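K.L.:
Provided herewith is a single structure, encoded as structure tokens, for subsequent inquiry.
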Amino acid sequence: MKKKVLQNYAQLASRAGLRFEAQSGAIFGLYNGYKVLVYPENENYPYILTVSVSATRPGNPISKAEGKAFSKEHKPVNSLRQDGYQVKMTLGQMTNQEKLAANLTEGLNALTSFLRANNFQNCCQTCGSTNPTEACVAGGTCMQLCYNCFVNLQQNQAVASTEKQKKKENIIGGIVGALIGSLLGVACIIVLGQLGYVAAISGVVMAVCTMKGYDLLGGKLSITGVIICTVIMLVMTYMGNRLDWAVSIAMELDVDIATAFRSVPLLLEEEIIDSASYWVNLFMVYAFALLGAVPTVRNTMQNQKKESVFYRLGV
Ligand SMILES: [Zn+2]
């Protein structure tokens, strides 16, 4: 999260009488007897706040109609719903800090009054027990958990991560997977190319499918895997672009695709294909593949890191 956002969150927390934890960016604490967590559902929209309370009303979760009536009655509230033992209230986007703080307080008051009026009790987000719970970060996500669930989740993660580390990377399998995945990227380049687009989406498909393919058949995606995938993507993007031209040539000159594919360099040399537009096109597909690959690798690495993040917010 950005520094400015974190500063604003710290202020929001103190205005609402809640606590703030900078590492996760979570606002948490006891509000009118309920243990609340406040966070953005999507970090790209930090001023769309979600208030989560782990609460239970035996055998009777919040219905759709109840949720609708609640958000209609309270202006700052966009939605209220229950997902398992988690009651989630989302507030409307507000970039003005004064108004955001006012909305949060109004939302918190409305939600906690509603929960009290409907006999909701604080509980654990995972098992639903009404034993004491604590705000935690588990697998990179803010949750309200009882001690047992926190320890269990942490142990499960530790076991999963050692198993993952023990698992050997199968490079041959990875290459096969990456090639199969990259064929989807090639198909995407040709189909969209024939429709007249050089779309960012084909680059993204190429990058995601190649790396997913490697991960699935290779067992895991290491740095070696990323390098192999990059080489495959470079070659296959070139092939996809040339095939796209070959399809157009085949239709134009009424020859088969293999002949058209082979004739591309000759047609370029003879300037029957405009070489500027050919190379610009290829360059753009590469640029889009790069745009797709960088966030994919970054997200994979970040998620791997996040999975092992466990700590209790209050301590
Ligand atoms: Zn529990």
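The values are calculated or read from the model by the stated rules, or taken from the named source; none is laboratory data. Because the structure is a prediction, the values reported are computed rather than measured. Note: ideal-geometry Cβ built from the backbone for every residue, glycine included; neighbour counts use all protein chains shown. The accessibility values were calculated without ligands, DNA or RNA, using every heavy atom of the protein model including side chains. Shrake-Rupley method; radii C 1.70, N 1.55, O 1.52, S 1.80 Å.
K.L.:
In whole angstrom, how long is each semi-axis of the equivalent ellipsoid of segment 117-276, when you take the square root of 5 times every eigenvalue of its Cα gyration tensor and sort them from largest down?
P.N.:
Semi-axes from the Cα gyration tensor: 52, 20, 10 Å.
K.L.:
Please get the size of the charge dipole for the chain, origin at its Cα centre, with Cβ charges of +1 on Lys and Arg and -1 on Asp and Glu, quoted in debye to the nearest 20.
P.N.:
Values: 27 positive and 21 negative charges, 379 e Å.
Approximately 1820 debye in magnitude.
K.L.:
Run lengths n ≥ 4 of DSSP H only: what is the helix-derived mean residue ellipticity at 222 nm for the chain, with -39500 (n - 2.57) per run over all residues, to the nearest 500?
P.N.:
Numbers: 9 runs with 185 residues, N = 315.
That calculation yields -20500 deg cm²/dmol at 222 nm.
K.L.:
Hey, another quick one. So, for segment 198-238, what is the accessible surface per residue at a probe of 1.4 Å, expressed in square angstrom?
P.N.:
Details: 1750 Å² over 41 residues.
In whole numbers, segment 198-238 has 43 Å² accessible per residue.
K.L.:
Assuming 0.36 nm per residue, please report the length gained on full extension of the stretch residue 187 to residue 277 beyond their Cα-Cα distance. Don't skip to the end; give the middle numbers.
P.N.:
On the way: separation 90, 0.36 × 90 = 32.40 nm, distance 2.06 nm.
Contour length minus Cα-Cα distance gives 30.3 nm.
K.L.:
Mind running the shape call on segment 92-210? Use the C-alpha gyration tensor, a ≥ b ≥ c as the square roots of the eigenvalues: rounded below 1.5 for a/c, prolate if a/b tops b/c, oblate otherwise.
P.N.:
Working: a/c = 3.92, a/b = 1.55, b/c = 2.53.
Here segment 92-210 falls in the oblate category.
K.L.:
Take the solvent-accessible surface of the protein heavy atoms, probe 1.4 Å, and return the percent of it on segment 3-159 that carbon and sulfur atoms account for. Provide the component values of the computation, followed by the final result.
P.N.:
Numbers: 3880 of 7870 Å².
About 49 percent, which is the carbon plus sulfur part of the accessible surface.
K.L.:
Could you check the simple spin-label distance between residue 194 and residue 57, using points 7 Å along Cα→Cβ, in nm with one decimal?
P.N.:
5.6
K.L.:
Then there's this: Using a Gaussian network for the chain with springs between C-alpha atoms less than 10 Å apart, which of these wobbles most: 141, 56, 259?
P.N.:
Judging by the Gaussian network model, the answer is 259.
K.L.:
List the pairs from 2/88; 4/68; 35/99; 168/212 whose alpha-carbon separation is above 26 Å, in the order I gave them. Don't jump to the answer; show the numbers that get you there.
P.N.:
On the way: 2/88 24 Å; 4/68 33 Å; 35/99 23 Å; 168/212 17 Å.
Going by Cα-Cα distance, 4/68 fall outside the 26 Å limit.
K.L.:
Just how much of residue 236 is accessible, in Å², when a 1.4 Å probe is used and the result is rounded to the nearest 10?
P.N.:
30
K.L.:
Under a 10 Å cutoff between Cα atoms, tell me which one of 167, 220, 35 has the largest fluctuation in the Gaussian network model of the chain.
P.N.:
Sorting by GNM fluctuation, first place goes to 167.
K.L.:
With a ≥ b ≥ c the root eigenvalues of the C-alpha gyration tensor of segment 3-159, is it rounded (a/c under 1.5), prolate (a/b larger than b/c) or oblate?
P.N.:
Numbers: a/c = 1.82, a/b = 1.11, b/c = 1.63.
It comes out oblate by the Cα gyration axes.
K.L.:
Ordered by residue, what ³J(HN,Hα) values in Hz, to whole numbers, does segment 23-33 give under the Karplus form 6.51 cos²θ - 1.76 cosθ + 1.60, where θ = phi - 60° and Gly and Pro are x?
P.N.:
Values per residue, Gly and Pro as x: 5, 8, x, 8, 9, 8, x, 8, 10, 6, x Hz.
K.L.:
Under a crude label model (7 Å from the Cα following the beta-carbon direction), how far is residue 69 from residue 118 in nanometres?
P.N.:
0.9
K.L.:
Mind checking Rg over Rh on the chain, alpha carbons, Kirkwood formula for Rh?
P.N.:
Working: Rg = 26.3 Å, Rh = 23.2 Å.
Ratio of gyration radius to Kirkwood radius for the chain: 1.13.
K.L.:
If you stretched the chain out fully between residue 299 and residue 315, how much longer would it get, using 0.36 nm times the residue separation minus the C-alpha to C-alpha distance? Walk me through the intermediate numbers first.
P.N.:
Working: separation 16, 0.36 × 16 = 5.76 nm, distance 2.87 nm.
Working it through step by step, the gained length comes to 2.9 nm.
K.L.:
Here's a follow-up. Set the Förster radius R0 to 22 Å, insert the Cβ-Cβ distance between residue 268 and residue 235 as r into 1/(1 + (r/R0)^6), and round the FRET efficiency to 0.05.
P.N.:
Numbers: r = 19 Å, r/R0 = 0.85.
That gives a FRET efficiency of 0.75.
K.L.:
On full extension of the chain, what length is gained from residue 166 through residue 14, given 0.36 nm per residue of separation minus the C-alpha to C-alpha distance?
P.N.:
Working: separation 152, 0.36 × 152 = 54.72 nm, distance 4.53 nm.
Taking 0.36 nm per residue and subtracting the Cα distance, the gain is 50.2 nm.
K.L.:
Considering only 289, 65, 207, give the residue with the highest GNM mean-square fluctuation for the chain, with springs between Cα atoms whenever their separation is below 10 Å.
P.N.:
65
K.L.:
I would also like to ask the following. Between 250, 216, 26, whose Cα lies farthest towards the positive end of the dipole of the chain when Lys and Arg beta carbons carry +1 and Asp and Glu beta carbons carry -1, centred on the Cα centre?
P.N.:
The listed residue farthest towards the positive side: 26.
K.L.:
So if we plug the beta-carbon distance of residue 257 and residue 227 into 1/(1 + (r/R0)^6) with R0 = 30 Å, what FRET efficiency do we get, rounded to 0.05?
P.N.:
Details: r = 31 Å, r/R0 = 1.04.
Once rounded, the FRET efficiency stands at 0.45.
K.L.:
Let me know the charge dipole size of segment 17-110 about its Cα centre in debye, to the nearest 20, where only the beta-carbon of Lys, Arg (+1) and Asp, Glu (-1) is charged.
P.N.:
Values: 10 positive and 8 negative charges, 59 e Å.
The dipole of segment 17-110 has a size of about 280 debye.
K.L.:
Also, quick follow-up: Could you tell me which of 286, 197, 302 has its Cα farthest along the dipole of segment 172-315 towards the positive end, charges placed at Cβ (Lys, Arg +1; Asp, Glu -1), taken about the Cα centre?
P.N.:
It is 302.
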